[in-house]
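One structure coming up, written as structure tokens, with questions to follow.
The values are calculated or read from the model by the stated rules, or taken from the named source; none is laboratory data. Quick caveat, the model's predicted, so the values are computed rather than measured. Using ideal geometry, Cβ is built from the backbone for each residue, glycine included, and neighbour counts are taken over all protein chains shown.
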Amino acid sequence: MQTIDASGMLYRDLNELIRDSVSRGVKEIRLINVNGHRYIGDGLAKEASIIIEGTPGNDLAAFMEGARIEVHGNAQDGTANTMNGGTIVIHGDARDALGYSMRGGEVYVRGDVGYRVGIHMKGYQDMNPAIVVGGKAGDFFAEYMAGGIMIVLGLGLAPDEDIVGNYCGTGMHGGIIYLRGEVAPEQLGKEVKVVSLTEEDTCVLDGYLDNYCQYFKVKREEIDKKPFCKLLPYNKRPYGNMYAGW
Amino acid sequence: MSLKSYVTPSFLIERNKERCIKCKVCVQQCANEVHRYDEEDDEIISEEHQCVNCQRCVTLCPTGALTIRKNPNELRQNSNWTAEAVRAIYIQAETGGILLTGMGNDRPYPVYWDNILLNASQVTNPSIDPLREPMELKTHLGRKPDSLSIKEGKLQKKLPPQLELELPIMFSAMSFGSISLNAIKSLAEAAKQEGTYFNTGEGGLHRDLYQYGENTIVQVASGRFGVHADYLQAGAAIEIKIGQGAKPGIGGHLPGEKVEREVSETRMIPEGTDAISPAPHHDIYSIEDLRQLIYSLKEATNYEKPVSVKIAAVHNVAAIASGIARAGADIIAIDGYRGGTGAAPLRIRDNVGIPIEFALAAVDTRLRQEAIRNQVSLVVGGSIRNSADIVKAIALGADAVYIASSALLALGCHMCQKCYTGKCNWGIATQDPQLAKRLNPELGAQRARNLLRAWKHEIQEMLGGMGINAIESLRGNRLMLRGIGLTEKELQILGIKNAGE
Ligand code: SF4
Ligand code: SF4
């Protein structure tokens with residue numbers, strides 16, 4: 001394992017060091033004193049594990065293909081932007097547009113996430129991306145969602161706190177959202193409906209929940225105390241019949 | 001109860017019975033199923049309602065028996081309620097739909113290229129004959145440093161990455177999905193042979209096209225279709241698509257019907273699903289955010305590729321371009337309001353945006369005033385119809401131009417504007433394998449190459465006539481331009497003098 005002290009370093013230099021190490025075959029890199037450094041792990045298409053201590057900056061793991069990143073701290077905006085594969089584990093909160101257009105891999109966030117999380121997430125063949133959020137999510141959760149899986153656990157919410165913000169699933173036309181607990185109809189986009197879980201859903205959920213519990217040392221019983229609801233789009237082609245040929 | 005349609009056919013088909021040999025070529029060729037052979041009567045019948053006047057049947061009829069005409073049937077004359085205005089209302093009353101069209105704005109707005117004249121040398125400086133004397137059209141696109149330091153004949157600092165073009169013309173973004181793979185292959189091959197670039201649009205890069213990587217600009221649009229690490233690495237440059245001239249401010253929408261297997265694999269979305277590109281990139285709500293995506297892409301590709309940002313020409317284009325340059329883009333591509341499209345809402349196409357001539361002049365002027373013109377290259381499109389448009393664009397300040405409609409015309413497009421139907425009879429704007437086969441990529445490449453070569457020679461002729469032997473000396477050289485039939489204000493925006501001045 002290689003340790004890089006990021007204090008006082010510009011993001012560009014830090015990322016160059018990381019790219020260098022990974023291309024030399026270093027499999028595990030520990031970054032300490034990370035403080036807002038952007039673009040860590042961008043486009044990383046090799047197997048490697050990066051452990052971040054501190055707060056990475058925006059666009060963490062954008063366009064990433066297969067590495068594993070663990071953040072001991074919070075993550076900012078744009079994490080997993082257009083990510084294609086790999087795993088990100090965040091031991092804190094993550095902010096806006098997490099997993100924008102993500103097509104593969106998994107993101108686990110112990111705490112809360114910001115606005116527009118999972119926007120335009122999509123799946124393709126055996127690529128089925130997933131985002132698991134331990135706490136709550138902001139407005140426009142899963143907007144334009146076209147594929148993949150989004151799970152919100154709502155752990156530690158106050159009794160009057162909502163698990164997601166408004167406009168959840170607006171424009172959604174594919175994929176599945178699982179929310180632990182209930183969601184008020186007025187918080188949903190008009191393209192989504194609430195349905196109950198099937199056995200298959202329970203199986204799918206099991207895998208992700210076990211991972212969450214393992215990564216963040218949470219007891220599974222804690223999660224199992226409340227049932228999940230499932231959100232699906234009404235229509236795979238919400239904008240199919242809007243046009244007339246001129 | 002279904003509504004009776006009040007829409008009358010736009011075109012009339014005349015079949016010269018003496019010439020027609022009933023070979024049924026027209027029946028086979030029309031994907032709109034206009035022509036039908038009636039066995040009982042041994043007659044070919046044409047259902048004109050579906051005809052889009054793409055001229056396919058006319059061109060292929062071996063005896064020249066067919067003529068397509070604008071339907072001479074006219075509504076009562078009315079300068080306000082024109083036939084088109086009425087027709088639009090009938091269609092919308094019958095369908096409740098947003099009117100959809102293809103190709104660029106066809107309204108009779110002024111084409112400013114046609115109000116600009118070029119200069120030539122007479123007596124005081126000699127013109128140059130490009131056939132016998134060297135004439136340099138080579139163009140480099142990318143950020144140029146503020147200064148160079150050279151020691152012992154060597155550059156002391158590496159130049160930022162540049163695209164090298166043998167001629168200042170590139171093929172503009174057209175996605176696989178909006179056009180056929182054969183059309184893209186034609187353009188990719190032509191770009192390779194002539195030393196320039198084609199652009200993937202937002203449709204990803206089909207596996208057969210990776211071999212053209214060195215001549216490819218890969219686009220990253222709001223839907224991020226087909227974007228992954230290999231794709232980013234494959235191209236010579238990356239273009240962030242913010243907007244396009246035919247539909248500024250709105251997203252794209254490739255209907256599921258066009259997402260067949262190959263398109264689905266390339267875009268990496270399930271077959272038959274709609275490919276929806278949101279109107280904005282949801283990671284870009286400001287110039288600062290744009291900078292973030294630019295640098296995200298640079299980081300992901302190790303600062304080895306220039307990053308272009310494509311925008312539609314809109315009212316505030318100069319200020320926006322300044323922001324884009326400061327955000328770190330290496331190239332700004334500006335698409336004028338006549339830019340083509342595979343599909344756009346009619347009202348947006350025809351009413352939003354500004355002419356590329358004004359946008360270009362305004363941007364070039366602004367970047368010069370701010371002393372940042374060297375930081376970005378300017379590429380303009382929408383619409384460049386011939387080599388003279390290109391010479392004028394370069395003299396107004398462009399580094400290169402993007403062509404798309406012209407390129408498709410070279411491949412056989414007949415400008416019927418029905419690209420959105422997916423039934424392009426010329427094998428271009430279609431994913432129907434039978435139709436796509438009509439375009440042979442080798443012949444397509446030849447036609448596109450011929451066009452580039454013809455324009456190259458014409459540009460050289462015009463440069464030679466001005467006594468200029470390198471395109472570099474024409475860039476932003478507005479003294480080579482004069483306006484005709486323009487107002488004072490128009491001349492001022494274009495930054496050119498009137499003819500005779
Ligand atoms: S649509 Fe084209 S091919 Fe069909 S009848 Fe009209 S001109 Fe001929
Ligand atoms: S590409 Fe095809 S459908 Fe589009 S205008 Fe040209 S001929 Fe018509």
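Quick check, is B:ILE324 surrounded by 24 or more Cβ atoms within 10 Å (Cβ to Cβ) and either assigned by TED's automatic domain parsing to the domain that holds B:PRO160 or modelled with pLDDT of 95 or more (or both)?
yes
When you scan segment B:150-157, do you find a residue that is of a type in the set (A, V, I, L, M, F, W, C) and touching a residue at least 12 places away in the same chain (Cβ under 8 Å), even just one?
no
Report every pair of residues separated by at least 6 positions or lying on different chains whose Cβ atoms are under 9 Å apart, first residue within segment B:400-422 and among the polar types (S, T, N, Q), second within 6 Å of ligand 2 (Cβ to nearest atom).
B:SER405/B:MET103; B:SER405/B:CYS413; B:SER405/B:MET415; B:GLN417/B:GLY102; B:GLN417/B:MET103; B:THR421/B:GLY102; B:THR421/B:ALA429
Per-residue answers, yes or no, for (1) more than 14 Å from every other protein chain (Cβ to nearest Cβ); (2) in contact with an Asp or Glu (Cβ under 8 Å, 6 or more places away or on another chain):
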{"position": "B:ALA312", "(1), (2)": "yes, yes"}
{"position": "B:ASN316", "(1), (2)": "yes, no"}
{"position": "B:ALA344", "(1), (2)": "no, no"}
{"position": "B:PRO355", "(1), (2)": "yes, no"}
{"position": "B:ILE384", "(1), (2)": "yes, no"}
{"position": "B:SER387", "(1), (2)": "yes, yes"}
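Of A:LYS193, A:LYS217, A:LYS230, A:LYS225, which residue is of a type outside the set (Val, Ile, Thr) and within 18 Å of A:GLY92 (Cα to Cα)?
A:LYS217
Out of (1) more than 14 Å from chain A (Cβ to nearest Cβ); (2) near ligand 2 (Cβ under 7 Å from one of its atoms), what's the single condition that is false for B:LYS437?
The one condition B:LYS437 does not meet is (2).
Here is a follow-up. State whether one or more residues within segment B:89-103 are within 14 Å of chain A (Cβ to nearest Cβ), in a loop (DSSP other than H, G, I, E, B) and within 16 Å of ligand 2 (Cβ to nearest atom).
Yes, segment B:89-103 contains at least one residue that is within 14 Å of chain A (Cβ to nearest Cβ), in a loop (DSSP other than H, G, I, E, B) and within 16 Å of ligand 2 (Cβ to nearest atom).
So, in segment A:116-162, how many residues would count as being within 14 Å of chain B (Cβ to nearest Cβ), within 20 Å of A:ASN74 (Cα to Cα) and surrounded by fewer than 21 Cβ atoms within 10 Å (Cβ to Cβ)?
2
Would a scan of segment B:435-448 turn up a residue that is at pLDDT 95 or above and in contact with a Cys (Cβ under 8 Å, 6 or more places away or on another chain)? Please lay out each step first, then the result.
Residues of segment B:435-448 that are at pLDDT 95 or above, as a first pass: B:435-448.
This time we only want the ones that are in contact with a Cys (Cβ under 8 Å, 6 or more places away or on another chain), so: B:435.
Yes, the conditions are met somewhere in segment B:435-448.
Another question about this same structure. Looking at the structure I just gave you, is B:ARG482 more than 12 Å from ligand 2 (Cβ to nearest atom), assigned by TED's automatic domain parsing to the domain that holds B:ILE390 and touching a Gly at 6+ places or on another chain (Cβ under 9 Å)?
Criteria met by B:ARG482.
Related question: Does B:GLY272 meet the test of being among the small types (Gly, Ala, Ser), at the interface with chain A (Cβ under 9 Å from one of its Cβ atoms), more than 23 Å from A:GLY57 (Cα to Cα) and in a loop (DSSP other than H, G, I, E, B)?
Against the criterion (among the small types (Gly, Ala, Ser), at the interface with chain A (Cβ under 9 Å from one of its Cβ atoms), more than 23 Å from A:GLY57 (Cα to Cα) and in a loop (DSSP other than H, G, I, E, B)), B:GLY272 qualifies.
Also: Among the residues of segment A:59-78, write down those that are within 11 Å of chain B (Cβ to nearest Cβ), within 17 Å of A:ALA97 (Cα to Cα) and either modelled with pLDDT under 95 or surrounded by 24 or more Cβ atoms within 10 Å (Cβ to Cβ) (or both).
Once the filter is applied, which keeps residues that are within 11 Å of chain B (Cβ to nearest Cβ), within 17 Å of A:ALA97 (Cα to Cα) and either modelled with pLDDT under 95 or surrounded by 24 or more Cβ atoms within 10 Å (Cβ to Cβ) (or both), segment A:59-78 yields A:ASP59, A:LEU60, A:ALA61, A:ALA62, A:PHE63, A:MET64, A:GLY78.
Next up: Quick check on this structure: which one of A:LEU44, A:LEU31 is touching a residue at least 12 places away in the same chain (Cβ under 8 Å), within 14 Å of chain B (Cβ to nearest Cβ) and of a type in the set (A, V, I, L, M, F, W, C)?
Of the residues listed, the single one that is touching a residue at least 12 places away in the same chain (Cβ under 8 Å), within 14 Å of chain B (Cβ to nearest Cβ) and of a type in the set (A, V, I, L, M, F, W, C) is A:LEU44.
Would you mind telling me which numbered condition in (1) within 16 Å of ligand 2 (Cβ to nearest atom); (2) away from every other protein chain (no Cβ under 14 Å); (3) touching a Pro at 6+ places or on another chain (Cβ under 7 Å) B:THR59 fails?
Single failed check for B:THR59: (3).
Residues of segment B:127-145 being exposed (fewer than 13 other Cβ atoms within 10 Å of the Cβ) and either aliphatic (A, V, I, L, M) or touching a residue at least 60 places away in the same chain (Cβ under 8 Å) (or both), which ones?
Of everything in segment B:127-145, those that are exposed (fewer than 13 other Cβ atoms within 10 Å of the Cβ) and either aliphatic (A, V, I, L, M) or touching a residue at least 60 places away in the same chain (Cβ under 8 Å) (or both) turn out to be B:ASP129, B:LEU131, B:GLU133, B:PRO134.
Within segment B:128-242, considering only strands (runs of 3 or more DSSP E) that don't extend past its boundaries, which have at least 2 residues that are among the aliphatic types (A, V, I, L, M)?
B:163-165, B:169-171, B:216-220, B:237-241
Go through (1) part of a strand (DSSP E or B); (2) of a type outside the set (D, E, K, R); (3) surrounded by fewer than 19 Cβ atoms within 10 Å (Cβ to Cβ) for B:PRO110 and report which single condition fails.
That leaves (1) as the condition not met.
Let me ask something additional. Considering only segment A:1-109, give the strands (runs of 3 or more DSSP E) lying wholly within it that have at least 1 residues that are more than 25 Å from B:SER222 (Cα to Cα).
A:2-5, A:28-35, A:49-55, A:68-72, A:87-90
Among the residues of segment B:275-292, write down those that are hydrophobic (A, V, I, L, M, F, W, C) and facing another protein chain (nearest Cβ under 7 Å).
The initial filter retains those residues of segment B:275-292 that are hydrophobic (A, V, I, L, M, F, W, C), namely B:275-276, B:279, B:284, B:287, B:290.
B:ILE276, the sole residue that qualifies.
Those residues that are more than 8 Å from ligand 1 (Cβ to nearest atom) and either crowded, with 16+ Cβ neighbours inside 10 Å or under 14 Å from B:VAL27 (Cβ atoms) (or both), I need them from segment B:61-70; list them, please.
Within segment B:61-70, B:CYS61, B:PRO62, B:ALA65 meet the criteria.
Would you confirm whether any residue within segment B:21-30 is in contact (Cβ under 8 Å) with a residue 40 or more places away in the chain, touching a Lys or Arg at 6+ places or on another chain (Cβ under 7 Å), within 16 Å of ligand 2 (Cβ to nearest atom) and within 16 Å of B:ASN425 (Cα to Cα)?
Yes - at least one qualifying residue is present in segment B:21-30.
Quick one: which of B:GLY204, B:GLY245 is in contact (Cβ under 8 Å) with a residue 60 or more places away in the chain, crowded, with 24+ Cβ neighbours inside 10 Å, touching a Phe, Trp or Tyr at 6+ places or on another chain (Cβ under 6 Å) and within 14 Å of another protein chain (Cβ to nearest Cβ)? Walk me through how you get there before you give the answer.
Numbers: B:GLY245 fails: within 14 Å of another protein chain (Cβ to nearest Cβ).
Result: B:GLY204 is the single residue among B:GLY204, B:GLY245 that is in contact (Cβ under 8 Å) with a residue 60 or more places away in the chain, crowded, with 24+ Cβ neighbours inside 10 Å, touching a Phe, Trp or Tyr at 6+ places or on another chain (Cβ under 6 Å) and within 14 Å of another protein chain (Cβ to nearest Cβ).
What number of residues within segment A:202-239 satisfy the criterion of being touching a helix residue (DSSP H, G or I) at 6+ places or on another chain (Cβ under 7 Å) and either in contact (Cβ under 8 Å) with a residue 12 or more places away in the chain or within 14 Å of chain B (Cβ to nearest Cβ) (or both)?
Of the residues in segment A:202-239, 6 are touching a helix residue (DSSP H, G or I) at 6+ places or on another chain (Cβ under 7 Å) and either in contact (Cβ under 8 Å) with a residue 12 or more places away in the chain or within 14 Å of chain B (Cβ to nearest Cβ) (or both).
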